[in-house]
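Engineer: Pasting a structure below so you can have a look.
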Amino acid sequence: MNSNVDAIAKELLAGNRRALGRAISLVENGGADATSLVHELYSHTGKAHIIGVTGSPGVGKSTLVDALITECRKEDLKVAVLAVDPSSPFTGGAILGDRIRMQGHTLDRNVFIRSMANRGHQGGVSLATYDAIRMLEASGYQVIIIETVGVGQSELAIAQHADTTILVLMPGSGDDIQAIKSGIMEIGDIFVVNKGDLPGANKSASEITASLELNHFQTSWRPPVVLAIAETGQGIDQLWQAAKEHKKFLTDENLLDKRRSLRIRAELSEIVADIARRNLQGSMDSEAVRKILSQIVNREVDPHTAAINLLPGLLSSATARS
Ligand SMILES: Nc1nc2c(ncn2[C@@H]2O[C@H](COP(=O)(O)OP(=O)(O)O)[C@@H](O)[C@H]2O)c(=O)[nH]1
Ligand SMILES: [Mg+2]
């Protein structure tokens, strides 16, 4: 083990924030250091309540997360926020705004806020998020909130890193109708109609409730619909109660491990695919592959057979993501 990584791991376990920040950067960048860090700390992970907050831009997710932090702090829980933008290689305006909206907690040593953006390859931010969560858990954070920007496929995939997913909507945006139509309702364990101070909020909430009644659920959990005004904190205590009840439900029904094993299954296949993809990129210019390419061009071997022949080499020369 690299002694630098070793030192970071030790300090992180002791709750050092700088070490935590460096550890998250390392797992974001990937590579051998990231792999050893996760290896070292894995036995200290798995204890936090992971809450995903998702919804269209502007519905008030960051404002809501800020209010949720306040609720957690009332119970003296250590809370961390990862603001994840899976689509953008830049930590753009949206995330900058997020940080401003969570500034009330910047001096609190038991609150850690961090934004993560896509550093390039597909699946990258998703894989890095799994590991960033682990760094936070090892550092003693009891509640980890993941805010994702937007509601596309990749955002939903990240929402599924969570034990409890909160879907945030607002009145009058047509968002609710679209959510109902597009099937993203299925990922919500709790629904929030935020901006309850705007006209139409009650109507939106009852429309969502009505459409949920038509849903088929896989468990006996019935997603509550919470009306909130994130800006004033109204309804946030109710939301926090609902989140805790959901966690308790998962635990009592033995569903927490089931959820987590589904997640690990997704992560594992992503890691394997990532290794293969990386090795493939690394070997495409090799002498051996050049030879195979010319064989394919000369009709000596077909592409399918060549691919099958290449595969064992790609998987056996496994290297860590970088
Ligand atoms: N009227 C009203 N505005 C809100 C409320 N919550 C948030 N906002 C505003 O909505 C805008 C977007 O909020 P933000 O938290 O950045 O949304 P996000 O993009 O979903 O993270 C900001 O101008 C907030 O001040 C609310 O409860 N009522
Ligand atoms: Mg935001």
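Engineer: Calculated FRET efficiency, Asn16 and Asp285, Cβ-Cβ r, R0 56 Å, to nearest 0.05?
Structural biologist: So the FRET efficiency works out to roughly 0.85.
Engineer: Okay, next question. Can you compute the modelled spin-label distance between Asp252 and Ala7, with each label point 7 Å from Cα toward Cβ, in nm?
Structural biologist: 4.9 nm
Engineer: Rounded to a whole number, what is D in µm²/s for the stretch 1-52 from Stokes-Einstein with the Kirkwood radius over alpha-carbon pairs (37 °C, 0.692 mPa s)? Provide the component values of the computation, followed by the final result.
Structural biologist: Details: Rh = 11.3 Å.
Stokes-Einstein gives a translational diffusion coefficient of 290 µm²/s.
Engineer: A further question on this structure: Under a 5 Å amide H to amide H cut-off, with H placed in plane at 1.01 Å, what residues pair with Asp163 once short-range neighbours are removed?
Structural biologist: Long-range HN contacts for Asp163: Ile50, Ile51, Gly52.
Engineer: Still on this structure: Would you grab the residues whose amide H sits under 5 Å from the one on Ala83? Only those 5+ places off in sequence or on another chain, please, with H modelled 1.01 Å from N.
Structural biologist: Amide H neighbours of Ala83, under 5 Å, 5+ apart: Arg114, Ser115, Met116, Glu147.
Engineer: Ordered by residue, what ³J(HN,Hα) values in Hz, to whole numbers, does the stretch 206-222 give under the Karplus form 6.51 cos²θ - 1.76 cosθ + 1.60, where θ = phi - 60° and Gly and Pro are x?
Structural biologist: Per-residue couplings from phi come out as 6, 5, 5, 4, 5, 6, 5, 5, 7, 6, 9, 9, 7, 10, 8, 6, 10 Hz.
Engineer: Counting only other residues whose beta carbon sits under 11 Å from that of Asp257, what net charge do I get with K and R as +1, D and E as -1?
Structural biologist: Value of the local net charge: +2.
Engineer: Once phi is turned into ³J(HN,Hα) by the Karplus curve 6.51 cos²θ - 1.76 cosθ + 1.60 with θ = phi - 60°, what whole-Hz value does each residue of the stretch 134-142 show in order, with x for glycine and proline?
Structural biologist: In residue order, the calculated couplings are 5, 4, 5, 5, 4, 7, x, 6, 8 Hz.
Engineer: Okay, next question. Just how far, in whole angstrom, is the stretch 204-233 from the stretch 260-320 if you go by their alpha carbon centroids?
Structural biologist: If you average the Cα positions of each part, the centres end up 45 Å apart.
Engineer: Which of the three applies to the stretch 223-286, rounded, prolate or oblate, going by the alpha-carbon gyration tensor with a ≥ b ≥ c and a/c under 1.5 meaning rounded?
Structural biologist: Here the stretch 223-286 falls in the oblate category.
Engineer: Starting from the Kirkwood radius over alpha-carbon pairs of the stretch 264-316, derive D by Stokes-Einstein at 37 °C in a medium of 0.692 mPa s and give it in µm² s⁻¹.
Structural biologist: So the translational diffusion coefficient is about 273 µm²/s.
Values in this text are rule-based calculations from the coordinates and carry no lab data. Not measured: the values here are computed from a predicted model. Positions of Cβ are generated from backbone atoms using ideal geometry, with glycine treated the same way; all protein chains shown enter the neighbour counts.
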